[in-house]
1. Mind checking which residues of the range 92-114 are acidic (Asp, Glu) and surrounded by 14 or more Cβ atoms within 10 Å (Cβ to Cβ)?
2. Which condition number in (1) modelled with pLDDT of 95 or more; (2) within 11 Å of the ligand (Cβ to nearest atom); (3) crowded, with 17+ Cβ neighbours inside 10 Å is the one that Ile254 fails?
3. Assuming Glu195 fulfils every condition listed in (1) within 14 Å of the ligand (Cβ to nearest atom); (2) buried (at least 24 other Cβ atoms within 10 Å of the Cβ) apart from one, which condition is it?
4. Residues that are among the aromatic types (Phe, Trp, Tyr), at least 1 per element: which helices (runs of 4 or more DSSP H) completely within the range 129-235 meet that?
5. Please give the number of the condition Asn269 fails out of (1) open to solvent by less than 60 Å² (accessible area, probe 1.4 Å); (2) without any contact (Cβ under 8 Å) to a residue 40 or more places away in the chain.
6. Residues of the range 107-131 being of a type in the set (D, E, K, R) and touching a residue at least 24 places away in the same chain (Cβ under 8 Å), which ones?
7. Looking only at the range 17-65, how many residues end up being closer than 24 Å to Ile307 by Cα and away from the ligand (no atom under 12 Å from the Cβ)?
Amino acid sequence: MRKFTFDKFGLKNLKLVHAEPEPLPPTGCVRVDLTALSLNYRDLLVLRGSYNPKLALPATPISDAAGVVSEVSAGVTRFKVGDPVVTHAVSRWIDGPCQADYKSSMLGCPEPGMGAEQVVLPADALLPLPEGYDFAQAATLPIAALTAWSALVTEGDVQPGQSVLTLGTGGVSIFALQLAKALGAKVIITSSSDEKLARAAQLGADHTINYTTNPKWDAEVQRLENGLGVNLTVETIGSATFGQSLRATRTNGIIALVGALHGLACEVNLAHILMNRIHVAGIFVDSRAAFEDLIRFIEQHHIRPVIDRRFPFDELPRALEYLAAGRHFGKIVVEI
Ligand SMILES: NC(=O)c1ccc[n+]([C@@H]2O[C@H](COP(=O)([O-])OP(=O)(O)OC[C@H]3O[C@@H](n4cnc5c(N)ncnc54)[C@H](OP(=O)(O)O)[C@@H]3O)[C@@H](O)[C@H]2O)c1
């Protein structure tokens, strides 16, 4: 079987190699023949060494995948050979609140990644595909869709008629738009591109703001919300936008802090948080139980992921360069 590995940080060091299939542990695991991967900004951070500079190398990147179970070890009752499955990125987080050690069970860093034709995983780290989804569609869900769900539902408890602001048109933000509309919320979305904003409007965005031509987008959000601000901001960017996100969020509102696209350190005027009783909720994907709830919701609301572009497996490095360039809208998929 073939897999991608890197022995030094940097996208240019990603190589496709032939490897012996990993032995299947005697209990609790399954072998999956992967058919589709999806890319997340996190995969770039992992490859660049900025996500975890201490990651043991060589490593295989990529967190999200879907495929078919080809072998099961003893004690596995959730799946049988031939079942289509999708991965759950935080593999040990089954249910309940997040625990400190769950971070160490994340696929694609520090656990081995999915950039391979075949992987061995605990059966607990897999779910069945949503009804009517193909492998490429399913592979878009584990991080981007579940993070949007975590922001809107687990932490945000968004109700019909409430307002949601989401930043940019990448994977998490487009899922946040689709899920928030299905929850009955009003959605404001920002982008650097008018063309992408037109596509977001077609997906149901109520208001669109170009943050390049309108750098005071927080004031525009306030204006659109009659001076109150939104109930919930899905903060997918981080230090570059956090101050403006605070000013765009209403009293008693929530900032679901998802992203770290432009660095992690920033100066914050704490008065905005305390005087307005704003809740800042740190988001770290979500549990498998939340993923199951998300799957039921997307089946019920017939939500289909937006796939910007598909690449063949041996072009994974090109697909990652395309992600880094930020020209995409929604998700990028690699098919095996
Ligand atoms: N906490 C978690 O559990 C979790 C889970 C998933 C992702 N994340 C993080 O969330 C972030 C987004 O991830 P992703 O996979 O959705 O990334 P992505 O698909 O690469 O999307 C990035 C998008 O961000 C937009 N952007 C860049 N700079 C911006 C700015 N200053 N203001 C507004 N938008 C800006 C761009 O949209 P336009 O082209 O439209 O301008 C770009 O396409 C990353 O930092 C990622 O690491 C965290």
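1. Glu111
2. For Ile254, the failing item is (2).
3. With (1) within 14 Å of the ligand (Cβ to nearest atom); (2) buried (at least 24 other Cβ atoms within 10 Å of the Cβ) applied to Glu195, the lone miss is (2).
4. 135-139, 146-149, 171-182, 217-224
5. All conditions pass for Asn269, except number (1).
6. Residues satisfying the conditions are Glu117, Asp124, Glu131.
7. Looking only at that region, the number is 11.
Matching residues to (1) in contact with a strand residue (DSSP E or B) (Cβ under 8 Å, 6 or more places away or on another chain); (2) within 20 Å of Ala289 (Cα to Cα); (3) not small (Gly, Ala, Ser):
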site	(1), (2), (3)
Thr140	yes, yes, yes
Ile143	yes, yes, yes
Pro160	no, no, yes
Thr166	yes, no, yes
Thr169	yes, no, yes
Ala180	yes, yes, no
Gly184	no, no, no
Thr208	yes, no, yes
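The values are calculated or read from the model by the stated rules, or taken from the named source; none is laboratory data. Treat the numbers as computed from the prediction; the structure is a model and nothing was measured. Glycine also receives a Cβ, built like all others from the backbone with ideal geometry; neighbour counts cover every protein chain displayed. For accessibility, only protein heavy atoms count, side chains too; no ligands or nucleic acids. Shrake-Rupley method; radii C 1.70, N 1.55, O 1.52, S 1.80 Å.
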